[in-house]
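**Q** Quick one: the structure is below, and I'll ask about it shortly.
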Amino acid sequence: MGLSRDDLVMRAGLVVLAGLLLLIVGLPLWALLAKGFEDGDGRYVGLANYVSYFSTPAMFNSALNSFHVAAVSTAIVVPVAFLYAYALTRAVLPARWLFQGISLIPIFAPSLLPGLALVYLFGNQGFFKVLLGGSSIYGFDGIVIAQVFYCFPHATMILVTALATADARLYEAADALGASKLRVFFTVTLPGAKYGLISAALVVFTLVITDFGIAKVIGGNFNVLATDVYKQVIGQQNFSMGAVVGMVLLAPAALAFVIDRMVQRKQVALLTSRAVPLIPRPKAGRDLFFTVFCSIIAAGILAILGMAIWGSLIKYWPYNLSLTLGNYYFANFDANGWDSYFNSLRMAAGAAIVGTAVMFVGAWLNEKTRGFGIVRGVVQLLAFLPMAVPGIVLGLGYIFFFNAPDNPLNFLYATMAILVINTVAHFYTVGHLTATTALKQIDPEFESVSASLKVPVWKTFGRVTAPICLPAILDIAIYLFVNAMTTVSSVIFLYASDTKLASVAAVNIEETGATAAAAALCVVIVITSAIVKTLHLLADRFLLGRLQAWRRR
Amino acid sequence: MTSYLEVRDLSKRFGDFTALGNISLDIAEGEFVCFLGPSGCGKTTLLRAIAGLDPQSSGTIRQKGRDVSALPPAQRDFGIVFQSYALFPNLTVTDNVGYGLVSRRQARGAIGARVTELLALVGLPDSGSKYPAQLSGGQQQRVALARALATSPGLLLLDEPLSALDARVRLRLRHEIKALQRTLGVTTIMVTHDQEEALTMADRIVVMNHGAIEQVGSPQDIYRGPATAFVADFVGSMNFLDGTLEAPDRVKVASLAFACPLQEGLAVGTKVRLSIRPEDVRVRDLPADVANRVAVEVTELDFVGAFCRATLGVGGAGDVTLVADFSSNLIRDLGVAIGSRLDVALPPDRVRVYAA
């Protein structure tokens, strides 16, 4: 096959992208894998570390604890999120947008936040400690409650999508055939949402098992895998054992990911372009029930957020409840003061700009390059890998890979750049998928047309493809920004004293016992993320409408 | 005939599946050729191979004497219109049509004049400032056509250009495209699965099935003398009666014998299919000694508008049925109704015989 200049440029771009992904995803994970087979001095010891891991009951117990917490959290979150999503899509709620907005709040918070709020409410000096009887919030119960808060929006978003794509004609057919409401639910609604439910369960399970912040704050003596990695690496400087725990943590996350991909592949066939969207009609009893239900859930979310905000404004919990802004003078609690917040802003902006560019151009190259199947396959695999890798595992891989003395990229270690790179790598999959989906939705023949008109393909990219995909590009940028603001797990191993991030500072402050200041920092993060997201929505609504007049008929 | 486009032994395989098998074809300069066939017959694959969009597995393509077989699309000389039109939604009609001109570094005034000329040519002189979403399907199709013609390509490729349009618009655009092609004299290949479209528009039709060419010929040749049973069935309607070749010019169907043109390629005794088009079945003014006379009974009568399609049970031949087109006049004059018994004839020169 003859290659044009377009083909050569795109293939070169694809090779560069594959190399980049190998560097920021593949090799760090390889370094982690290798580390598990070495002793403290770097000698190969075979499976010795794994043998000692599985023969130490205390360590192995953490794995069981992780599974236990993840299973229980999933069993609670998925049904609740299903009802909430059902209410949003199938019932007529007053102020539906408000309920939808409130359900998203936890996404803007570091996972630390619900943990801190629970400490205020049920901790040793908590308001409602008496309600717990003799038991303590620190441990299993606390982790589960905080995880439910933290995972709720993720499950709800997936289930809203699953339920919103229903075909109204199926319901009309079932009605016409005289099926009872219950039968319609079990034969039409539930099967339609089946893949969404499986997907939501797997996502929640993975989030819980890989989350670090919640277990750190409210876990007490209840050890889980994610905190074990941290303890081995930061506490005991035992990198080999940290790598082993990381691999144990990687296994369930990767398995859940593989199952999810298999399920997703099946789902595609179910959706047809001819489906008629289902628009719920008012029905008093049902609507009242769901309004009450959603109000209770929304109140719970607001209570946790409100508790964190209130706690951050209080002088000395619980003895002096007068209000103060003192907890926001972070210099009193952490050497970096407000600098860590500005570091976070810089890091998030950097990740959003660099990451969006790489992800979108990369997805475009991967979709549009003719032939070159093997390299495209490699890119696809490396782009999907980060989704299956817990942040704390990726962060650990970065230490081993970038901090190795013989790595020419060693100079990146302990810089702002490595935090940006790590964040882009950590959240690569979702950005890549968003871009790919957007690209698949536009006419596949644009490149053929421009080739026939002798217009270079990158010109069509700049003049047509990228402008059409602007909404998706913004989505990716905002997603990266918000996640960069809130992430703790991956970057906790990678910051230097002058590049400490707000989310990490919150963990450190909390470790010193200054719960109020930690909460204050979390609140600052929530407000920042929420403002950015609101600006995004406003831009989407007003700015894009003006820039993209061509969308109007 | 000197050929403008020369396709030789072209094959395209996807793993074990052969999408195109050893296709050879010549197209003359200025010709309008249709690739016609059912979905999956390889017609679009052949078009995309000619464009270089999906290169062939083996074989050669020469355009105007130049071997283009291994060239990428950008180095070939063609304009293309897709079923989806593939108009750039964020550019105005003017920018869409001028898209290929801008990159040729022509003076802005020249580009503007060319775009105006093209929009007038496709009958959209005032739509230059609109966006594609503001146009109807038919108008979008014309813009796509203008864009493809803007750079004056030597070859125009149309991939099912009309199939996304409603029937009325489709009819009008058929004529417009054909007239435009005749005016410009541009060599054109159109892919379609609509036999009526192919018959009305093409100078020559290439009928394809299962990745191979079944027949190449003018619309009249294809309709009057289908080379294979597949072509006979796919183009127009056709009666097929299963029988045996009793003599080189006689076919036996059940207990009836029909005269047919002399069959040289088929041995006596082979199983054959006797075919005749519904409009070729004669009813009126049958001479007493007419060949192939059969007594029939009208079992169904479907009103189609200008005529009625009658289903006829052939007497004395078990469950053999024939379909014939009866004009409204004929039905009135002869008082044809369901249950009517009448005699029809199958003129031997209109009968064709295919191996079963």
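The values are calculated or read from the model by the stated rules, or taken from the named source; none is laboratory data. Remember, it's a predicted structure, so these values are computed and weren't measured experimentally. So basically every Cβ, Gly included, is an ideal-geometry build from the backbone, and we count neighbours across all protein chains shown. These area figures cover heavy atoms from the full protein model, side chains too; ligands, DNA and RNA do not enter into them. Shrake-Rupley method; radii C 1.70, N 1.55, O 1.52, S 1.80 Å.
**Q** Hey, can you tell me all the residues within segment A:533-553 that are away from chain B (no Cβ under 14 Å) and touching a residue at least 12 places away in the same chain (Cβ under 8 Å)? Give the steps one after another, and end with the answer.
**A** Taking segment A:533-553 as the starting set, the residues that turn out to be away from chain B (no Cβ under 14 Å) are A:533-543.
Result: A:Lys533, A:His536, A:Ala539, A:Asp540.
**Q** If you don't mind, another one. Please go through segment A:355-382 and pick out each residue that is under 22 Å from B:Gly52 (Cβ atoms) and either open to solvent by less than 20 Å² (accessible area, probe 1.4 Å) or of a type in the set (Phe, Trp, Tyr) (or both).
**A** The answer is A:Trp364, A:Leu365, A:Asn366, A:Thr369, A:Phe372.
**Q** For the condition modelled with pLDDT under 90 and either farther than 26 Å from B:Leu149 by Cα or open to solvent by 10 Å² or more (accessible area, probe 1.4 Å) (or both), what is the one hit in A:Ala414, A:Ala425? So that I can check it myself, show each step before the final result.
**A** Working: A:Ala425 fails: modelled with pLDDT under 90.
Sole residue among the options that is modelled with pLDDT under 90 and either farther than 26 Å from B:Leu149 by Cα or open to solvent by 10 Å² or more (accessible area, probe 1.4 Å) (or both): A:Ala414.
**Q** Checking A:Val77 against (1) assigned to a loop (DSSP other than H, G, I, E, B); (2) touching a Cys at 6+ places or on another chain (Cβ under 7 Å), which single condition isn't satisfied?
**A** So the condition that A:Val77 fails would be (1).
**Q** Which residue is farthest from the other protein chains (Cβ to nearest Cβ), if the candidates are limited to segment B:130-181 and must be in a loop (DSSP other than H, G, I, E, B) and acidic (Asp, Glu)? Spell out how you get there, then give the answer.
**A** Just the residues of segment B:130-181 that are in a loop (DSSP other than H, G, I, E, B), to begin with: B:130-131, B:135-136, B:150-154, B:160-166.
Subset that is acidic (Asp, Glu): B:160, B:166.
On the way: B:Glu160: 12, B:Asp166: 17 Å.
The extreme case among them is B:Asp166.
**Q** Can you tell me which of A:Gly123, A:Gly115 is open to solvent by less than 50 Å² (accessible area, probe 1.4 Å), of a type in the set (Gly, Ala, Ser) and more than 24 Å from the chain's Cα centre (by Cα)?
**A** Values: A:Gly115 fails: more than 24 Å from the chain's Cα centre (by Cα).
Exactly one residue qualifies, and that residue is A:Gly123.
**Q** If you don't mind, another one. Of the residues that make up segment B:9-29, is at least one in contact with a Phe, Trp or Tyr (Cβ under 8 Å, 6 or more places away or on another chain) and surrounded by 20 or more Cβ atoms within 10 Å (Cβ to Cβ)? Quick ask: steps written out before the conclusion?
**A** Residues of segment B:9-29 that are in contact with a Phe, Trp or Tyr (Cβ under 8 Å, 6 or more places away or on another chain), as a first pass: B:27-29.
Right, trim to surrounded by 20 or more Cβ atoms within 10 Å (Cβ to Cβ) and you get B:27.
Yes, segment B:9-29 has at least one match.
**Q** What are the residues in segment A:501-513 that are open to solvent by 20 Å² or more (accessible area, probe 1.4 Å) and assigned to a loop (DSSP other than H, G, I, E, B), if any?
**A** Taking segment A:501-513 and keeping what is open to solvent by 20 Å² or more (accessible area, probe 1.4 Å), we get A:508, A:510-513.
Hits for segment A:501-513 are A:Thr512, A:Gly513.
Rundown of residues vs (1) under 31 Å from the mean Cα position of the chain (by Cα); (2) buried (at least 19 other Cβ atoms within 10 Å of the Cβ); (3) away from chain B (no Cβ under 14 Å); (4) of a type in the set (Phe, Trp, Tyr), yes/no style:
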position	(1), (2), (3), (4)
A:Met10	yes, yes, no, no
A:Val16	yes, no, yes, no
A:Leu21	yes, yes, yes, no
A:Leu33	yes, no, yes, no
A:Gly46	no, no, yes, no
A:Val51	no, no, yes, no
A:Ser73	yes, yes, yes, no
A:Leu83	yes, no, yes, no
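**Q** Shifting gears a bit: Given the residues B:Gly217, B:Gly225, which is the only one that is within 24 Å of the chain's Cα centre (by Cα), closer than 23 Å to B:Pro38 by Cα and in contact (Cβ under 8 Å) with a residue 60 or more places away in the chain?
**A** B:Gly225
**Q** Would you say B:Arg147 is among the basic types (Lys, Arg) and either at pLDDT 90 or above or under 23 Å from B:Thr45 (Cβ atoms) (or both)? Before the answer, list the steps.
**A** Working: among the basic types (Lys, Arg): yes; either at pLDDT 90 or above or under 23 Å from B:Thr45 (Cβ atoms) (or both): yes.
Here the answer is yes, as B:Arg147 does meet what is asked.
**Q** To continue, here is another question. Please find, among A:Ala516, A:Ala520, the residue that is open to solvent by less than 40 Å² (accessible area, probe 1.4 Å) and in contact with a strand residue (DSSP E or B) (Cβ under 8 Å, 6 or more places away or on another chain).
**A** Values: A:Ala520 fails: in contact with a strand residue (DSSP E or B) (Cβ under 8 Å, 6 or more places away or on another chain).
Unique residue meeting the criteria: A:Ala516.
**Q** Separate question: Among what's in segment B:67-90 and is over 22 Å from A:Asp6 (Cα atoms) and more than 7 Å from every other protein chain (Cβ to nearest Cβ), pick the residue that is least open to solvent (accessible area, probe 1.4 Å).
**A** Start the filter on segment B:67-90 by keeping residues that are over 22 Å from A:Asp6 (Cα atoms), which leaves B:83-85, B:89-90.
Filter once more, keeping what is more than 7 Å from every other protein chain (Cβ to nearest Cβ): B:83, B:85.
On the way: B:Gln83: 84, B:Tyr85: 19 Å².
By that ranking, first place goes to B:Tyr85.
**Q** From A:Gly40, A:Gly2, grab the single residue that is more than 14 Å from every other protein chain (Cβ to nearest Cβ), at pLDDT below 95 and not in a helix (DSSP H, G or I). Give the steps one after another, and end with the answer.
**A** Working: A:Gly2 fails: more than 14 Å from every other protein chain (Cβ to nearest Cβ).
A:Gly40 is the lone residue from the list that is more than 14 Å from every other protein chain (Cβ to nearest Cβ), at pLDDT below 95 and not in a helix (DSSP H, G or I).
**Q** Tell me whether segment A:515-532 contains one or more residues that are assigned to a loop (DSSP other than H, G, I, E, B), more than 14 Å from chain B (Cβ to nearest Cβ) and free of Cβ contacts under 8 Å to residues at least 24 places away in the same chain. Steps first, please.
**A** Filtering segment A:515-532 down to residues assigned to a loop (DSSP other than H, G, I, E, B) leaves none.
For segment A:515-532, residues assigned to a loop (DSSP other than H, G, I, E, B), more than 14 Å from chain B (Cβ to nearest Cβ) and free of Cβ contacts under 8 Å to residues at least 24 places away in the same chain: absent.
**Q** Sticking with this structure for a sec: Looking at B:Leu101, B:Leu87, B:Leu118, can you tell me which residue is part of a loop (DSSP other than H, G, I, E, B) and aliphatic (A, V, I, L, M)? Full working, then the answer.
**A** Values: B:Leu101 fails: part of a loop (DSSP other than H, G, I, E, B); B:Leu118 fails: part of a loop (DSSP other than H, G, I, E, B).
B:Leu87 is the lone residue from the list that is part of a loop (DSSP other than H, G, I, E, B) and aliphatic (A, V, I, L, M).
**Q** Given the options A:Thr187, A:Thr206, A:Thr165, A:Thr161, name the one that is open to solvent by less than 50 Å² (accessible area, probe 1.4 Å), in the same structural domain as A:Trp97 (by TED's automatic domain parsing) and at pLDDT below 90.
**A** Numbers: A:Thr187 fails: open to solvent by less than 50 Å² (accessible area, probe 1.4 Å); A:Thr165 fails: open to solvent by less than 50 Å² (accessible area, probe 1.4 Å); A:Thr161 fails: open to solvent by less than 50 Å² (accessible area, probe 1.4 Å).
Criteria check complete, one pass: A:Thr206.
**Q** Moving on to the next point. Only one of B:Gly109, B:Gly42 is at positive phi and away from chain A (no Cβ under 13 Å). Can you tell me which?
**A** Details: B:Gly109 fails: at positive phi.
Going through B:Gly109, B:Gly42 in turn, just one is at positive phi and away from chain A (no Cβ under 13 Å): B:Gly42.
**Q** How many residues does segment A:105-155 hold that are outside any helix (DSSP H, G or I) and under 23 Å from A:Leu345 (Cα atoms)? Break it down into steps so the answer makes sense when it comes.
**A** Going residue by residue through segment A:105-155, those that are outside any helix (DSSP H, G or I) are A:109-111, A:123-128, A:133-139.
Imposing the further condition that a residue be under 23 Å from A:Leu345 (Cα atoms) reduces the set to A:109-111.
The total comes to 3.
**Q** Sticking with this one: Determine whether segment B:275-294 contains at least one residue that is open to solvent by 60 Å² or more (accessible area, probe 1.4 Å) and in contact with a Gly (Cβ under 6 Å, 6 or more places away or on another chain).
**A** No, segment B:275-294 contains no residue that is open to solvent by 60 Å² or more (accessible area, probe 1.4 Å) and in contact with a Gly (Cβ under 6 Å, 6 or more places away or on another chain).
**Q** Follow-up question, since we're still on this one. In this structure, does B:Arg182 turn out to be under 14 Å from B:Gly30 (Cα atoms), more than 13 Å from the chain's Cα centre (by Cα) and surrounded by fewer than 22 Cβ atoms within 10 Å (Cβ to Cβ)? Let's see the steps before the verdict.
**A** Numbers: under 14 Å from B:Gly30 (Cα atoms): yes; more than 13 Å from the chain's Cα centre (by Cα): yes; surrounded by fewer than 22 Cβ atoms within 10 Å (Cβ to Cβ): yes.
Against the criterion (under 14 Å from B:Gly30 (Cα atoms), more than 13 Å from the chain's Cα centre (by Cα) and surrounded by fewer than 22 Cβ atoms within 10 Å (Cβ to Cβ)), B:Arg182 qualifies.
**Q** Output the number of residues of segment A:454-476 satisfying the condition of being touching a Gly at 6+ places or on another chain (Cβ under 8 Å) and either surrounded by 22 or more Cβ atoms within 10 Å (Cβ to Cβ) or small (Gly, Ala, Ser) (or both).
**A** Taking segment A:454-476 as the starting set, the residues that turn out to be touching a Gly at 6+ places or on another chain (Cβ under 8 Å) are A:454-455, A:476.
Keeping just the survivors that are either surrounded by 22 or more Cβ atoms within 10 Å (Cβ to Cβ) or small (Gly, Ala, Ser) (or both) gives A:455, A:476.
So the answer is 2.
**Q** In the set B:Asp302, B:Asp333, B:Asp325, which member is open to solvent by 70 Å² or more (accessible area, probe 1.4 Å) and within 16 Å of B:Ser237 (Cα to Cα)?
**A** Values: B:Asp333 fails: within 16 Å of B:Ser237 (Cα to Cα); B:Asp325 fails: open to solvent by 70 Å² or more (accessible area, probe 1.4 Å).
After applying the criteria, what remains is B:Asp302.
**Q** Could you list all residues from segment A:299-321 that are under 19 Å from A:Ser111 (Cα atoms), in contact with a Leu (Cβ under 9 Å, 6 or more places away or on another chain) and not small (Gly, Ala, Ser)?
**A** The answer is A:Ile304, A:Leu305, A:Met307, A:Trp310.
**Q** Follow-up question, since we're still on this one. Filter segment A:53-71 for residues that are open to solvent by less than 50 Å² (accessible area, probe 1.4 Å), at pLDDT 90 or above and either outside the structural domain of A:Gly196 (by TED's automatic domain parsing) or of a type outside the set (A, V, I, L, M) (or both) and give the result.
**A** Across segment A:53-71, the qualifying residues are A:Asn65, A:Ser66.
**Q** While we're looking at this one, here's another question. Which condition number in (1) touching a residue at least 40 places away in the same chain (Cβ under 8 Å); (2) within 15 Å of A:Val379 (Cβ to Cβ) is the one that A:Ala34 fails?
**A** Tallying (1) touching a residue at least 40 places away in the same chain (Cβ under 8 Å); (2) within 15 Å of A:Val379 (Cβ to Cβ), A:Ala34 fails exactly one: (2).
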